[in-house]
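Peer 1: I am attaching a structure below and will ask some questions about it afterwards.
The values are calculated or read from the model by the stated rules, or taken from the named source; none is laboratory data. Predicted model, so just to flag it, every value in this text is computed and none were measured. All Cβ positions, glycine included, derive from the backbone under ideal geometry; neighbour counts span all protein chains shown.
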Amino acid sequence: MKKIVLVDGSSYVYRAFYALPPLTSPKGEPTGAIYGFIRMIAKLMNELKPEYIAVAFDHPGKTFRHKEFKEYKATRKETPDELKSQIPKIKKILKLWGIKVLEIPGYEADDLIATLAKKAEEKGFEVIIVTPDKDMLQLVNQNIKVLNPINEYLFDREKVKEKYGIYPEQFVDYLSLIGDTVDNIIGVHGVGPKTAQKLLEKFQNIEGIYENLDQLKEKLKNAFEEAKERVQLNKKLIKLKTDAPIDLDIEDLKKGKTDIVKLKQIFDELGFKSLKLESEQKQKQVQTRQGRLF
């Protein structure tokens, strides 16, 4: 079975930016996020060895979710300028590396990944989504898995059940009930992960809960009645799109040839001596050890 790896580039960028101390190029430009991002993708490539790979990024503009809920993600902090300035270089390096970069106005990286994951599954691929974002667990099934790059935990259907007490097909409802402070999605008052898990285990889904409100304690029943419209909105916001307008075939995501010469030039400009050395070794076709870039 062919394998495709789909990476949440936006989460990787933030993780790289905050994980490393500030680095600068010989010209004084910030480079920490670039260096960290490259190292993380290199590790991923060395460990998973995908023949097909794509990295998706959030578009900086508003999405269709903002039309549904104008306060969507309103509590998120602005992306720091010193991070924004590094993102174009990261995308350029990925392209020179032979990796497809995806970004579409009006859609989040999650929606692009969800769309590609379903396309790849239909063509018989094993799909590995690389992200720490819990939203992606709604996609997990027999052929689609989610790898959390922070703790390297690989979620299949049973692992989702083991971790959260529910199955992937219940995950949209689960998040709709508990809410998501990062995205400014407000859940049902008084319903946390344990309560949501128990309710979904008993009633299967949100519709089942509302059909059986009389079985709930008065306080919880009132909370659900108050949140009815909000919960339905939450489901719309949390459910990932699998029909994003991506004008690509899965075969277009086959990793291309690395442009070693241009990568060396960029690494030299950025002051990445170790990466430049590794690219030179690759150019000379010296066998690489695990953890190197290529």
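Peer 1: Within the range 12-35, can you find the residues that are assigned to a helix (DSSP H, G or I), touching a helix residue (DSSP H, G or I) at 6+ places or on another chain (Cβ under 8 Å) and closer than 17 Å to residue 79 by Cα?
Peer 2: Result: 12, 13, 14, 15, 16, 17, 19, 32, 33, 34.
Matching residues to (1) part of a strand (DSSP E or B); (2) at positive phi; (3) among the acidic types (Asp, Glu):
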| site | (1), (2), (3) |
| --- | --- |
| 129 | yes, no, no |
| 136 | no, no, no |
| 158 | no, no, yes |
| 166 | no, no, no |
| 171 | no, no, no |
| 177 | no, no, no |
| 188 | no, no, no |
| 191 | no, no, no |
| 199 | no, no, no |
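Peer 1: Residue 38 passes all but one of (1) closer than 26 Å to residue 240 by Cβ; (2) among the aliphatic types (A, V, I, L, M); (3) surrounded by 15 or more Cβ atoms within 10 Å (Cβ to Cβ); which number fails?
Peer 2: (1)
Peer 1: Hey, another quick one. Would a scan of the range 196-212 turn up a residue that is within 18 Å of residue 240 (Cβ to Cβ) and not hydroxyl-bearing (Ser, Thr, Tyr)?
Peer 2: yes
Peer 1: Could you list, in sequence order, all residues of the range 63-112 that are without any contact (Cβ under 8 Å) to a residue 12 or more places away in the chain, farther than 20 Å from residue 130 by Cβ and part of a helix (DSSP H, G or I)?
Peer 2: The answer is 66, 67, 81, 84, 88.
Peer 1: Considering the range 200-226 alone, what residues qualify as being among the basic types (Lys, Arg) and either in contact (Cβ under 8 Å) with a residue 40 or more places away in the chain or surrounded by fewer than 11 Cβ atoms within 10 Å (Cβ to Cβ) (or both)?
Peer 2: At the first step, the residues of the range 200-226 found to be among the basic types (Lys, Arg) are 202, 217, 219, 221.
Listed by number, the residues that qualify are 217, 219.
Peer 1: With respect to residue 237, determine if the residue is modelled with pLDDT of 95 or more and crowded, with 16+ Cβ neighbours inside 10 Å.
Peer 2: No.
Peer 1: Can you tell me which residue is farthest from residue 226 (Cα to Cα) among those in the range 179-190 that are surrounded by 21 or more Cβ atoms within 10 Å (Cβ to Cβ) and over 19 Å from the mean Cα position of the chain (by Cα)?
Peer 2: Result: 187.
Peer 1: Let me ask something additional. Could you list, in sequence order, the residues of the range 248-290 that are loosely packed, with under 13 Cβ neighbours inside 10 Å and modelled with pLDDT of 90 or more?
Peer 2: 249, 251, 252, 257
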